[in-house]
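A short write-up of the structure that comes next.
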Amino acid sequence: MKRRNFLKTTGLLTTASMLYQQAPTQAQPRLGKGEHVLILGAGLAGLAAAYALFKQQVPFTILEARNRIGGRVFTHQVDEESKLHVELGAEWIGASHERMLALCKEFNLPLLNHQFTTHLTLEGQHYKPKEWQYDTNWNTTYQTLLTNFKQISSRNSKVLDQIDWWKYLINNGISERDIEIKELFDSTDFGESIRNVSAFASLSEYAYSSPNNEMDFRIEGGNTRLVNALSEKIGLEHILLNKKATAINQTGKQVQVLCEDGTKHTGSRLLCTIPAFALTKINWQPALPAEKLDALHQMQYCRIIKSAVVFKERFWQDETFDMITDSTAHYFFHSSKNQPNTKGTLTSYAIGDKAYILSKMNQEQKIREICAALKPAFGDVSQYAEKATSYYWGGDAFTKGAYAIYDTHQWFSIREMMAKPFRNISFAGEHLAEWQGFMEGAVQTGEEAVKKMLT
Ligand SMILES: Cc1cc2nc3c(=O)[nH]c(=O)nc-3n(C[C@H](O)[C@H](O)[C@H](O)COP(=O)(O)OP(=O)(O)OC[C@H]3O[C@@H](n4cnc5c(N)ncnc54)[C@H](O)[C@@H]3O)c2cc1C
């Protein structure tokens, strides 16, 4: 069974309705001929929705708050001379990410292998890929847990949602050393400590992911190329930048969006693809149902900082180098893999409190921190470091985090409430997706929202 089908069968779409019986449920009428759709947000959810409308010849306009398209897909050129680029937002396309793979194929965007072989540095000791491993018994237990999860009942799914991933692993006998390593690994997936993630959310990700945990590909030239291809296809004239929505009024059959620059935009339907935090900052007339606002307020986004350092030489030598460490800089990978040059970049990917600490450092301090974390593996590499570029998503004005993180008790409670349409307004975006936290999820929710409008 595929992951999305699995999630549908675990009762996901019924529990929240039981919890929020007061909320109004209104089926939206089918979109009429010539009716204009407004879309908030030019991230992948908004662009995928617009592309689906474009194919059906439905008129639409995208309103985007930033001065660029792409949202959390954000390719950045770090060095003009070498033309090296890095991803400051979404990095990997997974081998199971069907819609992303199909779109890349459709737009002739070549995919590059972006898999790595992982080193480990723990308490100042460096281990090369085959020099470290989890306890053999634990490996067997873990595989059994993943396999058994695929048979889980709806009732037990909800029990699992009540405990966090860390406690679940401890309960199932992981050793003290292995939980330390597992926390370092898995927290990079969730962007916070695994004590803050529902065991159900974790298992549904790991049991259904590709063998490389969906860290498989990236688009040659940068993931922003997909965003650009979609925008060009639908017509750049339909995407209005610097249009931060501040108020949304629904009167009769019309929805009016007021933007910070004083402009007003009207449509028969509105699709909001903006993150939960941004939705709570909008002045809604009539007000959003209290249960929905409450769910949006509860939704947390993880803190991630990506810091890419340009080095004069690729002293790590191995193209597939990545490394988990117990330092503040946390996880490193060779972000210039498949970009031939004498110079190269290593990206540090730090989460949670570590991300926050790094965000308070200037670039020189960050380079010092990163070089110190690399020392056990490579000695002093500070002479190779040229510059660092970083982006702290915890401070992002629109998301206040990198992607949604479902804490205990949340998977089966707030999600459906956030996804519920509100009169002529529908909702999409990564935080509502079955492939939550991924580009794939953003695309799927955008496409599905349009499908619902048209049926
Ligand atoms: C550091 C990091 C690493 C990641 N790694 C991966 C990865 O390896 N693989 C993967 O598949 N995914 C990854 N992701 C997740 C992926 O980036 C997201 O799931 C996806 O891009 C979200 O798309 P979206 O359209 O739902 O939201 P967004 O991209 O956030 O788009 C929403 C848009 O709405 C706009 N907006 C917000 N408020 C308003 C407003 N009031 N008015 C108008 N517009 C507004 C925003 O500016 C934004 O452009 C990562 C994300 C981050 C941040």
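Going 7 Å from the Cα of Val159 toward and past its Cβ, which residues in the stretch 399-414 have a backbone nitrogen under 16 Å from where you end up?
Once the point is set 7 Å along Cα→Cβ of Val159, 409 turn out to lie under 16 Å by backbone N, inside the stretch 399-414.
Suppose each label sits 7 Å from its Cα in the direction of the beta carbon; what would the Gln56-Lys312 distance come out to in nanometres?
So the two model labels end up 5.8 nm from each other.
What nm value, rounded to one decimal, do you get for the distance between His409 and Thr136 when each label is placed 7 Å out toward the C-beta?
Roughly 4.3 nm, to one decimal.
Counting only DSSP beta bridges with both residues in the chain, what percent are antiparallel, rounded to the nearest 5?
Within the chain, antiparallel bridges account for around 70 percent of the total.
With each pseudo-label sitting 7 Å past Cα toward Cβ, what's the Asp380-Lys105 distance in nm, one decimal?
Computed distance between label sites Asp380 and Lys105 equals 5.3 nm.
Using only the Cα atoms, what convex hull volume per residue in Å³ does the stretch 138-206 have?
Looking at the stretch 138-206, the number lands at 75 Å³ per residue.
Using per-residue counts of other Cβ atoms within 10 Å, averaged over each peptide, order 342-352, 106-116, 131-141 from highest down.
With the highest mean Cβ count within 10 Å placed first, the list reads 342-352, 106-116, 131-141.
Under 10 °C and 1.306 mPa s, how fast does the stretch 163-243 diffuse according to Stokes-Einstein, given a Kirkwood radius computed over C-alpha pairs? Answer in µm²/s, whole number.
For the chosen part, D equals 101 µm²/s.
Could you tell me what fraction of 2.2 N^0.38 Å the Cα radius of gyration of the chain comes to, as a two-decimal ratio?
Normalised Rg, Cα atoms only: 0.99.
Any idea what the relative contact order of the chain is, in percent, if you count C-alpha pairs under 8 Å spaced at least 6 apart?
26 percent
Cα-Cα over 22 Å: which of Lys167/Lys306; Lys130/Lys375; Lys306/Lys420; Lys306/Lys400; Lys281/Lys451; Lys130/Lys354?
Lys167/Lys306; Lys306/Lys420; Lys281/Lys451; Lys130/Lys354, as the Cα separations exceed 22 Å there.
Pop the C-beta distance of Glu364 and Gln28 into the FRET formula with R0 = 41 Å and round what comes out to the nearest 0.05.
It comes out at approximately 0.15.
For an R0 of 22 angstrom, estimate the FRET efficiency from the Cβ-Cβ distance between Lys253 and Leu293 and round to the nearest 0.05.
0.40
Cα-based Rg of the stretch 133-281 per 2.2 N^0.38 Å, rounded to two decimals?
Normalised by 2.2 N^0.38 Å, the Cα Rg of the stretch 133-281 equals 1.52.
Quick one: if the Förster radius is 30 Å, what FRET efficiency do His238 and Tyr356 give, using the C-beta to C-beta distance and rounding to 0.05?
0.20
What number, rounded to the nearest 500 deg cm²/dmol, is the helix-based mean residue ellipticity at 222 nm of the chain, given -39500 (n - 2.57) per DSSP H run of at least four residues and division by all its residues?
The helix contribution divided over the chain gives -10000 deg cm²/dmol.
Jot down the radius of gyration and Dmax of the stretch 307-455, Cα atoms only, both in angstrom.
Reported Rg and Dmax, both Å: 19.8, 62.
Every number here is computed from the coordinates shown, using simple stated rules; none is lab data. Please read all numbers here as calculations on a predicted model, not as lab measurements. Cβ atoms come from the backbone with ideal geometry, glycine included; neighbour counts cover every protein chain shown.
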